[in-house]
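Colleague: To start, I am sharing the structure in question, which I have written as structure tokens.
The values are calculated or read from the model by the stated rules, or taken from the named source; none is laboratory data. Worth saying up front: this structure is predicted, and the values here are computed from it rather than measured. Please note: Cβ atoms are built from the backbone with ideal geometry, for glycine as well, and neighbour counts cover all protein chains shown.
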Amino acid sequence: MKVHHLPFYKTGYFSNLINDYLDKNSKLLEFYENFPNIEGFKKQINLKSNFEAAKRKTLVKSLNKQYNSFKTSDLTTENIMLLGAENTFTVTTGHQLNIFTGPLYFLYKIVTTINLTKELKKQFPKYNFVPIYWMATEDHDFDEINYFNFQETKISWNKNVTGAVGRISTKGLDEVEEKFISLLNTSKNAQKLKELFNNSYSKHSTLAEATRYLVNELFGEYGLVIVDGDDKALKTEFKSILKDELIENTSYKTVLETNNKLSSNYKIQVNPREINLFYLKDNLRERIIFDTKNYIVNNTSISFTKDEILNELENYPERFSPNVIMRPLYQETVLPNLCYIGGGGELAYWFQLKKYFSVSKIPFPILLLRNSVLFISKKQLHKLRKLDISLEEIFVKQEDLISEKIKEISEIEIDFSQQKLFLKQQFTGLKELAKQTDVSFLGAVNAQEKKQLNGLDKLEQRLLKAQKRKLNDVIERITLLQNELFPNQSLEERTRNFAEYYVEFGDKLVPMLLSALNPLKLQFSIIEN
């Protein structure tokens, strides 16, 4: 196995914000605390070293309860126990409860997390580092998670759902299983996938339980600890900040202030509401809104006075669910966490939260962009070389890539730069002559120059089209190859499911990723397979 690397900015798939962060651009310095390097982690350990013992005790107790009916590896069991020790810290990633993990990058998030804990242990041997997967069990956008793609087929779970997705019954997933199985071959690895899907969803009653089982089967032996935030004891630790949100609207004020600064250079990922909480109960998860007098639960008849909602919070903290703005603070309140690992879109909204963390007196975690991967076979590499396309060039937009390659291999030069330069030189003389007459003549000269240059542009494009027709075979080969590597002209990790590679690699897939990916290299990885 050989791994190639490419700076993230050269792929064209990452935002200016992320590229600037990786480049340590000064425009972003006030929006984060420590950078993801060894020196940054040294500082972060000191920053988080005063994490309360009582919170550790609550965390361990909650995790033991959550894992009560699940078989765990010795390493995961040990890691849960270690979370009670003051010299133990976590590295966290989070993700929605996508059916059968959803897109490939779900695996890359967790692999990055596990690998980082290993690297930190090497660098700081007197401390323990536990990899955490935070399940987004309280999300309610079912349409974002109810499908996965396999062999260019979208496999969907069609079901009417309300409330938090983690509480959804797994009934009805047998139809999804049948469709998935119909696409699998008869290999040993395919059989394992069938068993994994069945054991995950047929033998567990809720989507949260099914996801815990699935992820534990894939990563449990590496000590991964899975946290469900839909937990009364954990919410109790967050109660003071929930109260502040209801009364003071601190998240709204601080994030709005940050957005005003951040928006001068970057696109804002999320906008805060005055109250960034949902009311969570049974099959209900709806926004809490203050209407100048009472707190109402959106789209319901539920209403509270100030005293009533504070009493509700005191007795039932589990009924208050943070949205995307507050969930990061919740995680960092209940975990002795050093680093959050996410994709570009996720990290973008974390940058909006630094001020909110500061005001709340919670240490802001290191933000690390997860590993990104493109798998490429030896056969595909051979085709690239025959087409004289580099690994960097394969990321170029298809139409631009085709145009550049046609220009390179064409026997006729498809570049009118010299002709355009010659034309401009001729018009320079005409402009000098025009200055000696009147303004209207100079305007006519400028207009004619523009017309002539536009004419050359059109001729150049016509010549390019003619050569494309002549070299259509090359175009078809480039198109076919790039479409294989970039389904729907996007990174495959955002589209394909891990099952496509599990059919090929089986149980070797996760170890291969763990071996190939370096969490602190901060570059895009291309794996030859």
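Colleague: So which pairs qualify, if the first residue must be in segment 163-185 and free of Cβ contacts under 8 Å to residues at least 24 places away in the same chain, the second must be surrounded by 18 or more Cβ atoms within 10 Å (Cβ to Cβ) and part of a helix (DSSP H, G or I), the Cβ gap must be under 9 Å, and the two must be at least 6 apart or on different chains?
Modeller: Partner pairs satisfying both residue conditions: ILE181/LEU193; ILE181/PHE197.
Colleague: Yes or no: LEU347 surrounded by fewer than 20 Cβ atoms within 10 Å (Cβ to Cβ) and in contact with a helix residue (DSSP H, G or I) (Cβ under 7 Å, 6 or more places away or on another chain)?
Modeller: no
Colleague: Can I ask one more? Within segment 1-17, restricting attention to residues that are of a type outside the set (Phe, Trp, Tyr), in contact with a strand residue (DSSP E or B) (Cβ under 6 Å, 6 or more places away or on another chain) and not in a strand (DSSP E or B), which residue is nearest to LEU347 (Cα to Cα)?
Modeller: THR11
Colleague: Here are LEU384, LEU284: which of them is hydrophobic (A, V, I, L, M, F, W, C) and farther than 17 Å from THR137 by Cβ? Let's see the steps before the verdict.
Modeller: Numbers: LEU284 fails: farther than 17 Å from THR137 by Cβ.
LEU384 is the lone residue from the list that is hydrophobic (A, V, I, L, M, F, W, C) and farther than 17 Å from THR137 by Cβ.
Colleague: Determine whether segment 369-376 contains at least one residue that is modelled with pLDDT under 70 and surrounded by 14 or more Cβ atoms within 10 Å (Cβ to Cβ).
Modeller: Checked against the condition, which is being modelled with pLDDT under 70 and surrounded by 14 or more Cβ atoms within 10 Å (Cβ to Cβ), segment 369-376 yields no hits at all.
Colleague: Additional query: Considering only residues that are polar (S, T, N, Q) and touching a residue at least 60 places away in the same chain (Cβ under 8 Å), which ones fall in segment 283-322? Break it down into steps so the answer makes sense when it comes.
Modeller: Taking segment 283-322 and keeping what is polar (S, T, N, Q), we get 283, 292, 294, 298-301, 303, 305, 311, 315, 321.
Listed by number, the residues that qualify are ASN283, SER321.
Colleague: If you don't mind, another one. Condition first: in contact with a Ser or Thr (Cβ under 9 Å, 6 or more places away or on another chain), under 10 Å from ILE275 (Cβ atoms) and of a type in the set (Ser, Thr, Tyr). Now tell me which residues in segment 232-258 satisfy that.
Modeller: SER251
Colleague: Output the strands (runs of 3 or more DSSP E) that fall wholly within segment 117-186 and possess 2 or more residues being farther than 27 Å from LYS42 by Cα and of a type in the set (Val, Ile, Thr), or say none.
Modeller: On the way: elements: 128-135, 147-150, 153-156.
Here the list reads 153-156.
Colleague: Then there's this: Please return the ranges of helices (runs of 4 or more DSSP H) entirely within segment 415-493 where 2 or more residues are at pLDDT below 70 and not aliphatic (A, V, I, L, M). Let's see the steps before the verdict.
Modeller: Working: elements: 417-435, 439-470, 472-485.
Fully inside segment 415-493 and qualifying: 417-435, 439-470.
Residue-wise test of (1) buried (at least 19 other Cβ atoms within 10 Å of the Cβ); (2) touching a Lys or Arg at 6+ places or on another chain (Cβ under 9 Å); (3) at pLDDT 95 or above.
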position: LYS42; (1), (2), (3): no, no, yes
position: ASN64; (1), (2), (3): no, no, yes
position: SER69; (1), (2), (3): no, no, no
position: THR77; (1), (2), (3): no, no, yes
position: THR88; (1), (2), (3): no, yes, yes
position: HIS95; (1), (2), (3): yes, yes, yes
position: TYR105; (1), (2), (3): yes, yes, yes
position: GLU119; (1), (2), (3): no, no, yes
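Colleague: Mind checking whether some residue in segment 515-526 is part of a helix (DSSP H, G or I) and not assigned by TED's automatic domain parsing to the domain that holds GLU195?
Modeller: yes
Colleague: Being under 30 Å from ARG494 (Cβ atoms), at pLDDT 95 or above and among the β-branched types (Val, Ile, Thr) is true for just one of ILE402, ILE362, ILE366. Which residue is that? Let's see the steps before the verdict.
Modeller: Values: ILE402 fails: at pLDDT 95 or above; ILE362 fails: under 30 Å from ARG494 (Cβ atoms).
Going through ILE402, ILE362, ILE366 in turn, just one is under 30 Å from ARG494 (Cβ atoms), at pLDDT 95 or above and among the β-branched types (Val, Ile, Thr): ILE366.
Colleague: Going through segment 10-34 one residue at a time, which ones are farther than 21 Å from LYS397 by Cβ and of a type outside the set (Phe, Trp, Tyr)? First the steps, then the outcome.
Modeller: Of segment 10-34, the ones farther than 21 Å from LYS397 by Cβ are 20-34.
Matches in segment 10-34: ASP20, LEU22, ASP23, LYS24, ASN25, SER26, LYS27, LEU28, LEU29, GLU30, GLU33, ASN34.
Colleague: Given the conditions (1) more than 24 Å from LEU514 (Cα to Cα); (2) of a type in the set (D, E, K, R); (3) in contact (Cβ under 8 Å) with a residue 12 or more places away in the chain; (4) in a helix (DSSP H, G or I), and given that LYS43 satisfies all but one, which numbered condition is not satisfied?
Modeller: The failed condition is (3).
Colleague: Among the strands (runs of 3 or more DSSP E) lying completely within segment 296-382, list those that include at least 1 residues that are small (Gly, Ala, Ser).
Modeller: By residue number, 320-322, 337-342.
Colleague: Just for helices (runs of 4 or more DSSP H) wholly inside segment 188-246: which have at least 2 residues that are modelled with pLDDT of 95 or more, small (Gly, Ala, Ser) and out of contact with any Gly (no Cβ under 7 Å at 6 or more places or on another chain)? Talk me through it step by step, then tell me what you get.
Modeller: Values: elements: 188-201, 207-219, 232-237.
Answer list for segment 188-246: 188-201.
Colleague: OK, next. If you go through segment 202-249, how many residues are of a type in the set (S, T, N, Q) and crowded, with 20+ Cβ neighbours inside 10 Å?
Modeller: Within segment 202-249, the first condition is being of a type in the set (S, T, N, Q), and the residues that meet it are 202, 205-206, 211, 216, 236, 240, 249.
Subsequent filtering for residues that are crowded, with 20+ Cβ neighbours inside 10 Å retains 211, 216.
Within segment 202-249, residues that are of a type in the set (S, T, N, Q) and crowded, with 20+ Cβ neighbours inside 10 Å number 2.
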